[in-house]
Amino acid sequence: PTILNTLSNNKIPLIVNVDGFKKNVYNHSVDTKNTAIGIYRNLPVNVQDYANIKNIADAALLHDFGKVLIPENILNKNGKLTPEEAKIMHLHSSLSNDLLRTKDIDPETLNIIKYHHQNRQGTGYPIITTDYRPDINTEIVSLADKYSALREKRSYKRQMTPQEAIGILYNEVSNENVRPEIYDALSSYVKKDTQKNNIKTLNNYFGIKNTAPQQSQSTAFFA
């Protein structure tokens, strides 16, 4: 009933878009999981103690499950979303939680799934309610999701290089949406993964920051 009410209120037809999910979401979900695990493994040991690798891996794989209910013309639009379309796209994280909460999934994992587009400043989505529990696990999955989205070629944007993506995501640190340790862990993971020496950690970032493209942080990048 909750899902049907959400769809009805937003004039979304009840269509389970399995083909669109496979084409547009599945590979991204697997990549987000691998990136999130990579971030965790590159965290300082004392920071790892506050994280839960199982919750991180499960949430990263399932975080976009609700996109199976997002209309194909929005999910794969070749261009910028209108405000109304963006509002519908932003429902996917709540829909993910609603679809999965009757399953045998840890509540902490569900919290990450629901709020993976929220941040420490509370300026993301969905609107924070009493169930919101900001933690390091959510920040890890959120940053992994954004990195994967930037690295993918999508209908509305080109594929970015690892260095471009890392450069853009530095804004997440400067805006205090993610802890510097998590950003550094992502940078270390990317450097090892690509076997290149031009991806630097936060401490040395200012030497390469001007090489990153001056992109506006459209929510479409991170959807």
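Note on residue 30 and residue 9: with the Förster distance fixed at 25 Å, the Cβ-Cβ geometry gives a FRET efficiency of about 0.20. Residue 48 sits among other residues whose Cβ lies under 14 Å from its own Cβ, and their net charge, with Lys and Arg +1 and Asp and Glu -1, is -2. Sparse packing (at most 13 other Cβ atoms within 10 Å of the Cβ) combined with a DSSP loop state is found for the following trypsin sites (Lys or Arg not before Pro) in the stretch 63-151: 80, 101, 103. A simple spin-label model places the labels of residue 54 and residue 105 1.6 nm from each other, with each point 7 Å out along Cα-to-Cβ.
About the centre of its Cα atoms, the stretch 1-139 shows a dipole size close to 280 debye [charges on the beta carbon of Lys, Arg (+1) and Asp, Glu (-1) only; nearest 20 debye].
Net charge near residue 85: determine it from the other residues with C-beta under 14 Å of the C-beta of residue 85, scoring Lys and Arg +1 and Asp and Glu -1. Write out the running numbers ahead of the final one.
On the way: positive: 11, 67, 77, 80, 87; negative: 72, 84.
Computed value for this residue: +3.
Of the chymotrypsin sites (Phe, Trp or Tyr not before Pro) in the stretch 13-92, the ones in a loop by DSSP (not H, G, I, E or B) with at most 14 other beta carbons within 10 Å are 50. Fully extending the segment from residue 127 to residue 158, taken as 0.36 nm per residue of separation minus the present Cα-Cα distance, adds 8.2 nm.
Report in % the part of the accessible area of the stretch 1-131 that belongs to carbon and sulfur, leaving out ligands and nucleic acids; probe 1.4 Å. Carbon plus sulfur share of accessible area: 54 percent. For the stretch 117-171 versus the stretch 34-53, the spacing of their alpha-carbon centroids is 17 Å. Once the Cα atoms of helix 162-174 and of the chain are each reduced to a long axis, what angle between those two axes, in degrees from 0 to 90 to the nearest 10, is obtained? Between helix and principal axis, roughly 80 degrees.
How much mean residue ellipticity at 222 nm does the chain get from its helices, if each DSSP H run of length 4 or more adds -39500 (n - 2.57) and you divide by all residues, to the nearest 500 deg cm²/dmol? Don't skip to the end; give the middle numbers.
Values: 13 runs with 117 residues, N = 223.
Result for the chain: -15000 deg cm²/dmol, rounded to the nearest 500.
Using the heavy atoms of the protein chains and a 1.4 angstrom probe, tell me the accessible area per residue for the chain in square angstrom.
On the way: 11190 Å² over 223 residues.
The answer is 50 Å² per residue.
The values are calculated or read from the model by the stated rules, or taken from the named source; none is laboratory data. Just so it is clear, the model here is predicted, and its values are computed rather than measured. Glycine also receives a Cβ, built like all others from the backbone with ideal geometry; neighbour counts cover every protein chain displayed. Ligands, DNA and RNA are excluded from the accessible area calculation, which covers all protein heavy atoms including side chains. Shrake-Rupley method; radii C 1.70, N 1.55, O 1.52, S 1.80 Å.
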